[in-house]
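Novice: I have a structure I would like to understand better, so I am pasting it below and will then ask my questions one at a time.
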Amino acid sequence: MRFLTSFGMTSTKCEETHKIKTQYYMKKLVLIIAIITTALSVRAQKVWTLDECVDYALEHNVRVLQSMVSQDNAMYQYKMAKNAWLPTVSADASESFGFGQSPSYNGVYVQNNSASTSFGISMGMPLFNGLSLYNQMKSTNLDYEASKKDLEAVKYDLKLLIMSYYMQVVYNKELKAIAEKQLAITEEQHAKTQQLFELGKVAEANVYESAAQVATAKSTLVQAENTLMLSILDIVQTLELESVEGFDVVSPEIFTAIDSQSLPSQEATFDFALQHQPKMEAANMRLEKTYYDVKATKSAWYPSLRLFAGYSNSYYRYLSSGYENESFSKQIENNGRTQIGVSLSVPIFNAFQTKYRVKMSKLSIQNQELEISNTAKELKKEIQQAFYSAIAAEQKYKAAEETFLSAQVAYRFSNESFDAGKSTLLELNESKNRLFKSESEMLQAKYDYLYRLKVLEFYNK
C-alpha cells in the first residue's frame, strides 16, 4: 500500500515536471519563431526615398529600356555609315564542268569534256562618290545624338510620373494619419459623452450620436487605408516591382519647407527650356539631319570613282582520254592573274529618279521645321500650364493654411464650450469635422503646390 502510494506520488511529480519542461520549451520555441518572423518582416520592409524610386524606375522601366534599344540601333547605323569609307575585301571559289567544246588551260577550246577550278580575292574602295558617304555619316551621327536626347526625354517624363505618384503616396499617408487622429479624438469624445450621460448631464441621444461619429470615423480610416494602398499600387506598378508587400516611402518630414520655395520666371523658364529640353534638342538635331540627307541624295548626280584590285587563279583538267593534263602546280604558276585599277561611273539619265528623291528630301526639311514649331508651342503650353497651376496651388495652399488655423482655434473653443455645458454635441461634431476637412484640404494644397514647383524645377534643369 505504501509502495503504491509512493509510486503514485512519484508518478504525479514526474508528470508535473514533464509538463513544466514542455511548457518551458514551447514558450522558448514560440519566442524564437516570433523573433525570426519579426526579423523577416523588418528585412522585407523597405522604405524608399524619391531618388531611390526614380533611380530604380530608370533601370527597370520598359519604355526606358525600349528607348535604350532604339539608341543602340541608331549607334550601329552611325558606325555602319562611318565604316563605309573602308575597303571591302572578298574571296570566291568555283568548280565547273564543261561538255563538248571546253576551254583548256592555255585558253584554246577543244572537243573534250573538262572540269575547271577557279578561285580569287578582290578588293574595292570608294575614292569619290559625290560626298555621299560623308553626308550619310553626318546624317546618321545626328540621328544617333537625337536618340540620346529621346532617351533623356523619356527619363524626364518618367521622373515626373514617379514624383507625382510618390507625392500622392505621401499625401495619402498623411490623410491616413489624420483619419487615425480623428478616430482617436472621436472615441475619446464618445467616452466623455458616456460619462456625462451616466452623470445625468446629457441626454441618451448624445451617446448614440457620438457612437455614430465613431463608426463614421472608422469608415473614414478604412477608406483612407484603401486609398493609400491604391496609390502605393500605382507607384509599385510603375517601378515594375512584383508586389506591394513591404513597400513604403519616407515620411514627409524630409521635404524642404514649402515656405522657402519660390516660383521661377515664366519667360526665363521657357527660354531655357527652348534651348535645353531634350525633346527640343532632338527636334533641332533631326532638322540638321535632313539637310545632310538632301546633300546625300544630290550626290547621285555626280560621277563616282572607285579603286579596285584583285588576284585570281584556276586549274583546268580534261575528263576524256587523249589529252594530257598539266600538273596542278604548273597551272597555278602559269594561270595566276593580278589586276588593279580605278573605275569611273558617270550618271547620264536615270528617269528623273534622283530629281524626285531630292524634292522628297526637301519636303522632309519642311516637315521637320513644322515639327520643331509644334514642339515649341507644346512646350510653351506645358510651361504656361505648369506656371499658372503653381500660382493657383500656392494661393490655394495659403488660403487652406489660414482656414486650418482658424478651424483649430474654433475647435478648441467649441471643445471647451461643450465641456462647460454651453454647446451641444452636434455643434462640437460640426466643429471637429470642419477641422479635419480643412486639414485634409491644406495637405492636398500643400503637396499639389510642392509638385508644381518640382515640375517647374525640371523645366529649368
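Taken together, the values in this text are just the output of simple stated rules run on the coordinates, not laboratory data. Since this is a predicted model, take the numbers as computed values, not measurements. Quick reminder, even Gly has a Cβ in these numbers, built from the backbone with ideal geometry, and neighbours come from all protein chains shown.
Novice: Answer with one residue from Phe128, Gln385, Leu221: the one whose Cα lies farthest towards the positive end of the charge dipole of the chain, charges on Cβ with Lys, Arg +1 and Asp, Glu -1.
Specialist: Phe128
Novice: Can you put His60, His190 in order of Cβ neighbours within 10 angstrom, beginning with the fewest?
Specialist: Arranged by neighbour count, lowest to highest, His60, His190 become His60, His190.
Novice: Right, something else. Starting with the fewest neighbours, write out Ile332, Ile185, Ile162 ranked by other beta-carbon atoms found within 10 Å of each beta-carbon.
Specialist: So the residues, fewest neighbours to most, are Ile332, Ile185, Ile162.
Novice: Could you work out how far apart the two model spin labels at Thr88 and Leu274 are, taking each label as a point 7 Å from the Cα in the direction of the beta carbon, and quote it in nm?
Specialist: Using points 7 Å along Cα→Cβ, the separation is 4.7 nm.
Novice: May I ask which residue of Tyr411, Tyr449, Asn61 lies farthest towards the positive end of the charge dipole of the chain, with charges of +1 (Lys, Arg) and -1 (Asp, Glu) on Cβ and the Cα centre as origin?
Specialist: Asn61
Novice: Can you tell me the length gained on complete extension of the stretch Glu378 to Ser164, counting 0.36 nm per residue apart and subtracting the Cα distance?
Specialist: Result for the pair: 75.0 nm of gain on full extension.
Novice: So, one more: Take the residue pairs Lys380/Lys446; Lys355/Lys380; Lys149/Lys355; Lys201/Lys398; Lys298/Lys380 and return only those whose Cα atoms are more than 31 Å apart.
Specialist: Where the Cα-Cα span goes over 31 Å, the pairs concerned are Lys355/Lys380; Lys149/Lys355; Lys201/Lys398; Lys298/Lys380.
Novice: Let me ask something else about it. Please report the base-10 log of the normalised intensity I(q)/I(0) for the range 135-188, using a Debye sum with one equal scatterer per alpha carbon and no solvent, at each q in 0.15, 0.18, 0.29 (1/Å).
Specialist: -0.63, -0.72, -0.98
Novice: While we're here: For the pair Met80/Asp157, report the inter-label distance in nm, with labels modelled 7 Å from Cα in the Cβ direction.
Specialist: Simple spin-label model gives 2.6 nm for this pair.
Novice: Expressed in whole Å with the largest first, what are the equivalent ellipsoid semi-axes of the range 76-233 derived from the C-alpha gyration tensor as the square root of 5 times each eigenvalue?
Specialist: Output for the range 76-233: semi-axes of 94, 23, 8 Å.
Novice: Now a separate question. Compute the projected area of the convex hull of the Cα atoms of the range 66-149, averaged over all viewing directions, and report it in nm² to one decimal place.
Specialist: Across all orientations, the range 66-149 yields a mean hull projection of 9.3 nm².
Novice: Going by how many other beta carbons lie within 10 Å of each one, how would you line up Val69, Val294, fewest first?
Specialist: Fewest-to-most ranking of Val69, Val294: Val69, Val294.
Novice: With N set to the residue count of the range 221-358, report its C-alpha Rg divided by 2.2 N^0.38 Å to two decimal places.
Specialist: Normalised Rg, Cα atoms only: 2.58.
Novice: Working out 0.36 nm times the residue gap between Ala184 and Glu204, then minus their Cα-Cα distance, what length gain in nm do you get to one decimal?
Specialist: Extra length available between Ala184 and Glu204 comes to 5.1 nm.
Novice: Follow-up. Taking every Cα atom in the range 330-385, find the radius of gyration and the maximum pairwise distance Dmax, and write them in Å.
Specialist: According to the Cα coordinates of the range 330-385, Rg and Dmax are 27.2, 86 Å.
Novice: Also, quick follow-up: Starting from 0.36 nm per residue, how many nanometres of slack lie between Tyr388 and Tyr56 once their C-alpha separation is accounted for?
Specialist: 116.4 nm
Novice: Given charges of +1 on the Cβ of Lys and Arg and -1 on the Cβ of Asp and Glu, with all other atoms neutral, how large is the dipole of the range 392-461 about its Cα centre, in debye to the nearest 20?
Specialist: 260
Novice: Hey, another quick one. Could you give the size of the charge dipole of the chain about its Cα centre, using +1 on the Cβ of each K and R and -1 on the Cβ of each D and E, expressed in debye and rounded to the nearest 20?
Specialist: 1140
Novice: Now, a different point. Two decimals is fine: what is log10 I(q)/I(0) at q = 0.08, 0.10, 0.11, 0.13 Å⁻¹ for the chain, from a Debye sum with one equal scatterer on every Cα and no solvent?
Specialist: Log10 of I(q)/I(0), two decimals: -0.81, -1.00, -1.08, -1.23.
Novice: Where in the chain is the longest stretch that carries no chymotrypsin sites (Phe, Trp or Tyr not before Pro) classed as loop by DSSP and with at most 16 other Cβ atoms within 10 Å?
Specialist: By the stated rule (loop sites, at most 16 other Cβ atoms within 10 Å), 100-254.
Novice: So what's the Cα pair-distance distribution over the range 315-461, bin width 5 Å, in %?
Specialist: 2, 7, 7, 7, 6, 5, 5, 5, 5, 4, 4, 4, 4, 3, 3, 4, 3, 3, 3, 3, 3, 2, 2, 2, 1, 1, 0, 0
Novice: Could you derive backbone 3J(HN,Hα) for the range 177-187 from the dihedral phi with the Karplus parameters 6.51, -1.76 and 1.60 (θ = phi - 60°), listing whole Hz in sequence and x where the residue is Gly or Pro?
Specialist: 4, 5, 4, 5, 5, 4, 5, 4, 5, 5, 5
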